[in-house]
1. Near the amide H of residue 64, under 5 Å away, which other amide H atoms are found, from residues 5 or more places off or on another chain, if H is placed in the peptide plane?
2. Tell me the volume per residue, in Å³, of the convex hull enclosing the alpha carbons of the stretch 297-341.
3. Going highest first, how would you order 173-179, 362-368 by mean Cβ packing within 10 Å?
4. Against the longest principal axis of the chain, how steep is helix 314-323, in degrees 0 to 90 to the nearest 10, with axes from Cα atoms?
5. How much of the calculated P(r) for the stretch 93-154 lies past 20 Å, in percent of all Cα pairs?
6. Identify which of 250, 198, 145 has the largest mean-square fluctuation in a Gaussian network model of the chain, with springs joining Cα atoms closer than 10 Å.
7. Over all directions, how big on average is the projection of the convex hull of the alpha-carbon atoms in the stretch 244-319, in square nanometres?
8. Excluding residues on the same chain fewer than 8 positions from residue 308, give the aspartates and glutamates whose Cα lies under 15 Å from its Cα.
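Read-outs throughout are calculated quantities, based only on the coordinates presented, and are distinct from any laboratory measurement. Just so it is clear, the structure is predicted and the values come from calculations on it, not from any experiment. All Cβ positions, even for glycine, are placed from backbone atoms using ideal geometry, and neighbour counts span all protein chains on display.
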Amino acid sequence: MKNLASFGLGLLMTSAMAAAQADDVKIGMITTLSGGGSHLGVDVRDGFMLAIEQSGRDDIEVLIQDDANRPDLAKSLSDEFMQRDNVDILTGIIWSNLAMAVVPSAVRQGVFYLSPNAGPSALAGRQCHENYFNVAWQNDNLHEAMGAYMKGEGFERPILLAPNYPAGTDALAGFKHRYEGEVVDEIYTQMGQTDYAAEIAQIRASGADSLFFFLPGGMGISFMKQYESSGVELPLFGAAFSFDEIIIQAVGSAALGTMNTSQWAYDLDNDANRAFVERFREAYERTPTLYASQGYDTANLILSALDKAHPSDQDAFREALREADFASVRGKFRFGANQHPIQDIHVREVVAGDNGQPTNRLVGLAIEDIQDVYAADCQM
């Protein structure tokens, strides 16, 4: 009888372990950790993991893979995560062309995708899906805000510059949505381009009174350094993608005085943000970028939903995500009908910090409660 009892206890323990494992949540993170623009993915990952670790939960497994900024690899990794690892949630993608390679297929297969960065217009409009949530922005939003700001500041003849891929075309379209004035020209560059001599010559000859550009990662570093040495004196404006703390410190003096729009700043004055910046600096010994803030918010949104439902109960988990019942580091945050943020966008100026290095300083509000223009096309 003793042996039978022990055997029965063993069965109970095995069953309990299996039940516990069945209730665990698997998150697959596909992000850019090598090559150009890798600091974006590193900060998304670090912000995300900071929130997960702070939660103290032991029922969440985060699997992380490097997409090397390759759409084919991102798609392959997503298939592995779904088919081999049976993940409940996917997240992490930085670049819009990679998002378009992964998200539509993933959400149709019943996996939730939460974007901590890429927000292509197609996924906000006609290709929206109930399992897709964007926790950062729709690609146009920060550019729309700068268009409104520059119009208000009296600039009458801007010239626009961006790389030729989904986020680049969205950027310039977004700027024009709110600028509502004459644009001298639109220049599209190659992804990963490092030599901008021809584009700078075109800017010089354009007769423009200002330059709005979107060049994330290393592209922005190369451009701003070459722009400074060219002697062209048009004032520079952009969105936070080209002005995160890592980029502007790499650029150096060429970044000083430029203005950019962002839904987040490390000096935003709210309790959640102050705590996040302090914890991030303690954990990683650097100041977070907006990408880290987006990773952190994405994880905290997931955690808030997990407090109410498991992803296996898709309807309940989806509704918990829609409630956005968490303290965002950007302050007020809510989802629109297409499950993209409705949020304030701020203006920042690049100034010399206490250590003499360029840093962003919050200037004021560019636009309040912005909703992307593609929501009307979402038939969800």
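1. Long-range HN contacts for residue 64: 29.
2. On the way: hull volume 2.9 nm³, N = 45.
Enclosed volume per residue, from the Cα hull, is 64 Å³.
3. Details: 173-179: 22.1, 362-368: 15.9.
The most tightly packed comes first, giving 173-179, 362-368.
4. Once rounded, one gets 40 degrees.
5. For the stretch 93-154, the share of Cα pairs beyond 20 Å comes to 30 percent.
6. It is 198.
7. On the way: hull surface 27.8 nm².
Average of the hull's projected areas for the stretch 244-319 equals 6.9 nm².
8. 23, 24, 59, 319, 323, 325
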